[in-house]
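Each reported figure results from applying straightforward, stated rules to the coordinates on display, with no laboratory input. The structure displayed is predicted, hence computed values, not measured ones. When we count neighbours, we look across all protein chains shown, and the Cβ atoms used for this are built from the backbone with ideal geometry, even at glycine.
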Amino acid sequence: MNQNAFAMIDKERRKKLAFHLRQLSVGLTTNDDFEDNVMNDVTNGWLPEQYYRSKNAKQDDAVIIPMLEMCWGLYDDTREHKLIVSDRLSDENLKVIARCILFLHSDYEYEWPYEIFLLRPIFKRSLLEMLSILVINILTLGWHIRNYRKKEMEAFEEFKKLGAFEYWPFFRKVDYERQLEKQPFLKV
């Protein structure tokens, strides 16, 4: 279940994040504009990939951090671009984004444990950690990193078994199906 002691749903910020994610994912806005908009509307001035460091993040709607980390992986932050032409998202990625937007418009709490969701991305490591990993890998001829990645993949496989992972960020298939029935789009 949700490990956030202050479990809450922030509908306003969820809807803003959903809007900005949609704009980004279909190529209506650049990655730089997405980050600016998210910083203004969702993270109180923090870049999406650094929001987890914020004091507010500890008491926030539990879906915000994993959603921001997922978003950050959609684009190349070393250049300004839209997700069009060669940067266009795959159909499979767009399905995940659609599910994320649907979740952000729901009243469901985020129930996946955060700690292992994205296998501790490299940007969360300090420079000292990065240097020590490099030295260890040189000394062990790469054995350390192979072993570490194997353990990460095993942990990720265990993580996926906690719920209906194919419906992430929903925890259960039934929650996804219920939200589809009351989804806020395409109503006649």
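I want the local charge near Arg22. Using Cβ-Cβ distances under 12 Å, sum +1 for each Lys or Arg and -1 for each Asp or Glu among the other residues. Before the final figure, lay out the partial values.
Values: positive: Lys15, Lys16; negative: none.
Charge balance near Arg22 sits at +2.
For a quick check: sort Phe171, Phe34, Phe156 by the number of other beta carbons within 10 angstrom, fewest at the front. Could the numbers behind the result be given before it?
Working: Phe171 21, Phe34 24, Phe156 14.
Ranked by crowding around the Cβ, least crowded first: Phe156, Phe171, Phe34.
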Exposure proxy check on Thr43, Thr30: fewest-to-most Cβ neighbours within 10 Å is Thr30, Thr43
Under the 7 Å Cα-to-Cβ spin-label approximation, Phe19 and Ala155 lie apart by a distance in nanometres of 3.7
Under the rule rounded for a/c under 1.5, else prolate if a/b exceeds b/c, else oblate, using alpha carbon gyration tensor axes a ≥ b ≥ c, the range 42-114 is classed as oblate
Taking a crude spin-label model, label points 7 Å out from Cα along the C-beta direction, the Asp32 to Asn56 distance in nm is 2.4
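Most exposed first by the Cβ proxy, i.e. fewest other Cβ within 10 Å, how do His81, His20 rank? Provide the component values of the computation, followed by the final result.
Details: His81 16, His20 23.
The most exposed by this proxy come first: His81, His20.
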As straight-line cross-link partners of Lys16, the qualifying lysines (C-alpha separation under 27 Å, not fewer than 8 residues apart within one chain) are Lys55, Lys58, Lys82, Lys95, Lys124, Lys173, Lys182, Lys187
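Enumerate by residue number the trypsin sites (Lys or Arg not before Pro) in the range 133-181 meeting two conditions: DSSP loop (anything except H, G, I, E, B), and at most 15 other Cβ atoms within 10 Å of the site's Cβ. Show your work: numbers first, answer last.
Working: sites: Arg146, Arg149, Lys150, Lys151, Lys160, Lys161, Arg172, Lys173, Arg178; in loops: Lys161, Arg172.
Listed in order of number, the matching sites are Lys161, Arg172.
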Length gained, His81-Lys95, 0.36 nm per residue minus C-alpha separation, equals 2.9 nm
Placing each pseudo-label 7 Å from Cα in the direction of the beta carbon, Glu12 and Leu134 end up separated by a distance in nanometres of 4.5
